[in-house]
Amino acid sequence: MPPDILTFLLRGGHLNVEERKAKGLWPNESLRYSEVVDHLAGVIETEEWFPRMMPEHKPGDLVYEGTVVQKVSPSRFVCHSRRPSVYDLRTVAEESRKEFRSAREAAEFYLKWELQLPGRLDSWPVE
């Protein structure tokens, strides 16, 4: 899979069947989990935030739900997670931060808890 397409999918992007065929990505190939981790670790090392900056929550706004990775320094990466209340999507139910010493550790955490990988990434098997 081309690196730019893999990054797009890891950011939460989606390709429909027609787009996959046009890019020569049909039928779906299996992806190796270790290669996905290596790729994401490389991306995380070059960006301050992945897949995007954690938005600040303002009272009355819908709560951003998910996990993002922040590169603080070459040996410090922070995964920020947030979820809304099941009773009120405008109320933060939980926020957490977990620190890692390497981009690879942060990538593995993100893949497991945000994308539930190994598994499927936009229907591509990741094993």
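Things to note:
- Residue check for Pro74: at pLDDT 95 or above, in contact with a helix residue (DSSP H, G or I) (Cβ under 8 Å, 6 or more places away or on another chain) and farther than 30 Å from Ser30 by Cα: yes
- Note on the stretch 85-127: residues that are of a type outside the set (D, E, K, R), free of Cβ contacts under 8 Å to residues at least 24 places away in the same chain, open to solvent by 80 Å² or more (accessible area, probe 1.4 Å) and within 18 Å of Arg11 (Cα to Cα) amount to 1.
- Screening the stretch 1-83 for helices (runs of 4 or more DSSP H) wholly inside it with 3 or more residues that are open to solvent by 20 Å² or more (accessible area, probe 1.4 Å) and over 14 Å from Leu121 (Cα atoms) returns the ranges 17-22, 33-46.
- Residue in the stretch 102-116 that is in a loop (DSSP other than H, G, I, E, B) and under 18 Å from Glu29 (Cβ atoms) present: yes
- Taking first residues from the stretch 33-60 that are aliphatic (A, V, I, L, M) and partners that are open to solvent by 50 Å² or more (accessible area, probe 1.4 Å) and modelled with pLDDT of 95 or more, the Cβ contacts under 6 Å between residues at least 6 apart in sequence or on separate chains come to Val37/Glu108; Ala41/Arg104.
The values are calculated or read from the model by the stated rules, or taken from the named source; none is laboratory data. Treat the numbers as computed from the prediction; the structure is a model and nothing was measured. Note that we place each Cβ from the backbone using ideal geometry, even for glycine, and neighbour counts take in every protein chain shown. Accessible surface areas use protein heavy atoms only, side chains included; no ligands, DNA or RNA. Shrake-Rupley method; radii C 1.70, N 1.55, O 1.52, S 1.80 Å.
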